[in-house]
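All of the numbers you see were taken from the coordinates with simple rules; none came from a lab. If you're wondering where the values come from, they're calculated on a predicted model, not measured in any experiment. Don't worry about glycine lacking a Cβ; one is built from the backbone with ideal geometry, like all the others, and counts go over all protein chains shown.
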Amino acid sequence: MTSSDVQHVIGELQSTIEQLKASSNTDSLTGIINRKCMESKLRSLSSRLINDKTITIAMIDIDKFKEINDQHGHQVGDLCLQHFVKVINQNIRVEDSLSRWGGDEFLLMLNDPDVESAKKTYQRLIDSLYEAPIQLPNGAQLHLKASFGVTQFHENFHLQDSIKKADKMLYKAKSQGGQQVAFAM
């Protein structure tokens, strides 16, 4: 084997390693980062939050998603998840991060917003999602609704406690009828 051949093999191995890293951090259905990657990102960010800089984290759940799957099938459910991600990503900034947390649950991190700005952003996301119906294969349209549980995360907060708090707020939003935001700051 010549040195040129060795360089070629090394290049292919490096490319394969990069592809494996990317796929291990990405949700295959939606194309966004997965829970493992978001947890890593939040841990890294938490070690750098200083001088009262805050972020908000939102646990998001598509309202009545089980009914969508039961009524229209899992293929439509998958289309709804993809549509949800597309609409949310179109309405957040590049420095914000959306991840698939599991099933129809997502975690959204907004970087350094003040509380009022965050409230407006989350309400805008709910409105944008509802106002952009998904076109179903049978030609019908479906308006997705989502509930958001939001809390702040800053240098004095423990990451897992903040996630639990956001999850608790998500259940509050859902128990109050869904398609709303519940805040715990």
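Are any residues in segment 114-141 in a strand (DSSP E or B) and buried (at least 16 other Cβ atoms within 10 Å of the Cβ), and if so, which ones?
If the condition is that a residue be in a strand (DSSP E or B) and buried (at least 16 other Cβ atoms within 10 Å of the Cβ), then 134 is the only one that fits.
Check off (1) under 21 Å from residue 63 (Cα atoms); (2) within 16 Å of the chain's Cα centre (by Cα) for residue 171 and give me the number that stays unchecked.
(2)
Has segment 50-64 got at least one residue that is closer than 26 Å to residue 185 by Cα and assigned to a helix (DSSP H, G or I)?
no
Kindly indicate whether any position in segment 55-76 is in contact with a Ser or Thr (Cβ under 8 Å, 6 or more places away or on another chain), hydroxyl-bearing (Ser, Thr, Tyr), surrounded by 14 or more Cβ atoms within 10 Å (Cβ to Cβ) and touching a residue at least 12 places away in the same chain (Cβ under 8 Å).
yes
Within segment 106-121, which residues are of a type outside the set (A, V, I, L, M) and in contact with a Leu (Cβ under 8 Å, 6 or more places away or on another chain)?
If the condition is that a residue be of a type outside the set (A, V, I, L, M) and in contact with a Leu (Cβ under 8 Å, 6 or more places away or on another chain), then 106, 121 are the ones that fit.
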